[in-house]
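The structure under discussion appears below in the form of structure tokens.
The values are calculated or read from the model by the stated rules, or taken from the named source; none is laboratory data. Quick caveat, the model's predicted, so the values are computed rather than measured. As a convention, Cβ positions derive from the backbone with ideal geometry for all residues, glycine included, and neighbour counts pool all protein chains shown.
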Amino acid sequence: MKIIVDANIVFSAILNTNGKIGDLLINSKKHFYFIAPVFLRTEIKKHYSRLSKISGLSLDQIQEAEFQIYKYISFISEEQINISTWLIAEKLVAEIDPNDIQYVAFSKHFKCKIWSGDKALIKGLAKKDFTNFITTDELFKLRKQ
């Protein structure tokens with residue numbers, strides 16, 4: 001099963017690689033194929049200082065955790081998504097969070113769900129009949145089956 005991983009999931013996994021989200025990313029290769037837009041790497045790098053402040057980890061420790069997490073995610077270039085899909089995604093996220101356009105475009109293009117903890121995004125898109133999300137708990141249940 002293909003799953004799109006968004007930045008807040010990776011952020012959480014970096015903060016605690018031994019936590020529930022880290023466990024899912026690292027130990028689910030037989031069950032899920034995690035993908036993300038290349039942009040996610042840039043987004044995480046912008047938050048290194050915040051990650052360090054929250055976790056108390058050094059930059060080297062954050063980068064090591066990031067490296068460990070990224071081994072389980074396939075990064076795909078946004079250029080593979082056609083313009084019409086980008087336009088649909090843009091309309092959907094415009095009033096919610098334009099920074100999440102990549103995840104919605106990937107979901108539309110690859111016909112798979114987004115794994116996100118962004119409640120505002122999930123609720124905002126649900127109002128527009130876009131409900132292509134999966135929760136951490138749902139992934140755990142699927143992995144157990």
(request) Please tell me if A13 is over 14 Å from Q102 (Cβ atoms), in contact with a Gly (Cβ under 7 Å, 6 or more places away or on another chain) and buried (at least 16 other Cβ atoms within 10 Å of the Cβ). (result) yes
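Residue by residue, here is whether (1) of a type in the set (V, I, T); (2) in contact with a strand residue (DSSP E or B) (Cβ under 6 Å, 6 or more places away or on another chain); (3) in a helix (DSSP H, G or I) holds:
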{"site": "I35", "(1), (2), (3)": "yes, yes, no"}
{"site": "L40", "(1), (2), (3)": "no, no, yes"}
{"site": "S49", "(1), (2), (3)": "no, no, yes"}
{"site": "E66", "(1), (2), (3)": "no, no, yes"}
{"site": "E95", "(1), (2), (3)": "no, no, no"}
{"site": "S107", "(1), (2), (3)": "no, yes, yes"}
{"site": "G117", "(1), (2), (3)": "no, no, no"}
{"site": "L125", "(1), (2), (3)": "no, no, yes"}
{"site": "D137", "(1), (2), (3)": "no, no, yes"}
(request) Quickly run through region 16-33 and pick out the residues that are of a type outside the set (G, A, S), crowded, with 17+ Cβ neighbours inside 10 Å and not in a loop (DSSP other than H, G, I, E, B). (result) I21, L24, L25
(request) Given the conditions (1) at positive phi; (2) modelled with pLDDT under 95, report the number of the one that K111 does not fulfil. (result) (2)
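Residue check: is I62 part of a helix (DSSP H, G or I), under 15 Å from the mean Cα position of the chain (by Cα) and crowded, with 19+ Cβ neighbours inside 10 Å? Lay out the reasoning, then the answer.
On the way: part of a helix (DSSP H, G or I): yes; under 15 Å from the mean Cα position of the chain (by Cα): no; crowded, with 19+ Cβ neighbours inside 10 Å: yes.
Against the criterion (part of a helix (DSSP H, G or I), under 15 Å from the mean Cα position of the chain (by Cα) and crowded, with 19+ Cβ neighbours inside 10 Å), I62 does not qualify.
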(message) So L87 passes all but one of these: (1) of a type outside the set (D, E); (2) farther than 15 Å from N132 by Cβ; (3) in a helix (DSSP H, G or I); (4) touching a strand residue (DSSP E or B) at 6+ places or on another chain (Cβ under 6 Å). Which condition number does it fail?
(response) (4)
(request) Go through (1) among the basic types (K, R); (2) closer than 20 Å to F106 by Cα; (3) loosely packed, with under 12 Cβ neighbours inside 10 Å and name the single condition R41 misses. (result) (3)
(request) Give me the pairs, please: first residue somewhere in region 30-41 and under 11 Å from I4 (Cα atoms), second residue anywhere and loosely packed, with under 14 Cβ neighbours inside 10 Å and of a type in the set (A, V, I, L, M), beta-carbon distance under 6 Å, and either six or more positions apart or on two chains. (result) F32/M1
